[in-house]
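Chemist: First, the structure itself, so that you have it in front of you.
The values are calculated or read from the model by the stated rules, or taken from the named source; none is laboratory data. Owing to the predicted nature of the structure, the values given are computational and were not obtained by experimental measurement. Quick reminder, even Gly has a Cβ in these numbers, built from the backbone with ideal geometry, and neighbours come from all protein chains shown.
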């Protein structure tokens, strides 16, 4: 099973600028901590064919896809319908999800209506994943052998809850040998990104076992060094070398 994971966020409000989409940052950080990688982040509008095209393409590239948004009770919440059409399956009521919905609404003194019950619908054959932060049930669905979709509510608090309650534990079980990358961070001030690279190249600096990323902003450059745990010594050697070469600009 491939360790690269893709994210598809559904919602026209994310593309119009009305709502900030923070899911990639949240998911990417969680995956990095367990030694996996978010390889692609795609945002699409509330359109069935667009959603289907994005999911179809993602499954051609990787084995695990997280899909967020479009699970609410309104007419524009069409993620389930798009996926049911793509995979030729039915949409059914989750008894566990419906029971949780009634419990949640009762605690707030709210009546469950036929419209709100839509939030307990899942794809036939999917495993419901109870959403501890909201009413819409999440789900894990395997359209074909070796392929897994996590279908998750869009609100950030609910996305994060399902991620940490269900997705991360499942991934840890699937990838027991995955090892988080070792990370070291240097921050410079008073020198631009291109000048840093020029200085390193002039000194003949090369890093074969450590990945280096440069992230400029607000007059500073953050240099992130990462390497597998078994290359920790190379990582520290790279850090030491950079500290010497950039000593007059480090903060």
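Chemist: Select from segment 213-247 the residues that are surrounded by fewer than 17 Cβ atoms within 10 Å (Cβ to Cβ) and under 23 Å from the mean Cα position of the chain (by Cα) and write down the one among them that is nearest to residue 37 (Cα to Cα).
Modeler: 228
Chemist: Same structure, new question: Checking the conditions here, which among 48, 64, 34 is within 18 Å of residue 140 (Cα to Cα) and in the same structural domain as residue 170 (by TED's automatic domain parsing)? Outline the logic, then answer.
Modeler: Numbers: 48 fails: within 18 Å of residue 140 (Cα to Cα); 34 fails: within 18 Å of residue 140 (Cα to Cα).
64 is the lone residue from the list that is within 18 Å of residue 140 (Cα to Cα) and in the same structural domain as residue 170 (by TED's automatic domain parsing).
Chemist: Right, here's the next one. I'm told residue 213 meets every condition in (1) in contact with a strand residue (DSSP E or B) (Cβ under 6 Å, 6 or more places away or on another chain); (2) in contact (Cβ under 8 Å) with a residue 40 or more places away in the chain except one. Can you identify the failing condition by its number?
Modeler: (2)
Chemist: I'd like to verify a number: residues in segment 217-245 that are in contact with a strand residue (DSSP E or B) (Cβ under 8 Å, 6 or more places away or on another chain) and assigned to a strand (DSSP E or B), how many?
Modeler: The qualifying residues number 8.
Chemist: Scan the helices (runs of 4 or more DSSP H) fully inside segment 72-173 and keep the ones with 1 or more residues being closer than 25 Å to residue 25 by Cβ and modelled with pLDDT of 95 or more.
Modeler: 79-87, 156-162
Chemist: Only one of (1) in contact with a helix residue (DSSP H, G or I) (Cβ under 7 Å, 6 or more places away or on another chain); (2) surrounded by fewer than 17 Cβ atoms within 10 Å (Cβ to Cβ); (3) within 29 Å of residue 231 (Cα to Cα) is not met by residue 197, so which one is it?
Modeler: Here residue 197 meets the rest and fails (1).
Chemist: If you don't mind, another one. For residue 171, which of the numbered conditions (1) touching a strand residue (DSSP E or B) at 6+ places or on another chain (Cβ under 7 Å); (2) within 22 Å of residue 59 (Cα to Cα) fails to hold?
Modeler: Condition (1) is where residue 171 drops out.
Chemist: Which members of segment 49-67 meet the condition of being in contact with a helix residue (DSSP H, G or I) (Cβ under 7 Å, 6 or more places away or on another chain) and either outside any helix (DSSP H, G or I) or surrounded by 15 or more Cβ atoms within 10 Å (Cβ to Cβ) (or both)? If you could, list the steps in order and put the result at the bottom.
Modeler: Kept after step one, since they are in contact with a helix residue (DSSP H, G or I) (Cβ under 7 Å, 6 or more places away or on another chain), are these residues of segment 49-67: 51-52, 55-56, 65-67.
If the condition is that a residue be in contact with a helix residue (DSSP H, G or I) (Cβ under 7 Å, 6 or more places away or on another chain) and either outside any helix (DSSP H, G or I) or surrounded by 15 or more Cβ atoms within 10 Å (Cβ to Cβ) (or both), then 51, 52, 55, 65, 66, 67 are the ones that fit.
Chemist: Kindly indicate which of 104, 118 is surrounded by 13 or more Cβ atoms within 10 Å (Cβ to Cβ) and over 26 Å from the mean Cα position of the chain (by Cα).
Modeler: On the way: 118 fails: over 26 Å from the mean Cα position of the chain (by Cα).
It is 104.
Chemist: Take the residues in segment 26-47 that are surrounded by 16 or more Cβ atoms within 10 Å (Cβ to Cβ) and outside any strand (DSSP E or B); name whichever of them is modelled with the lowest pLDDT.
Modeler: It comes out as 35.
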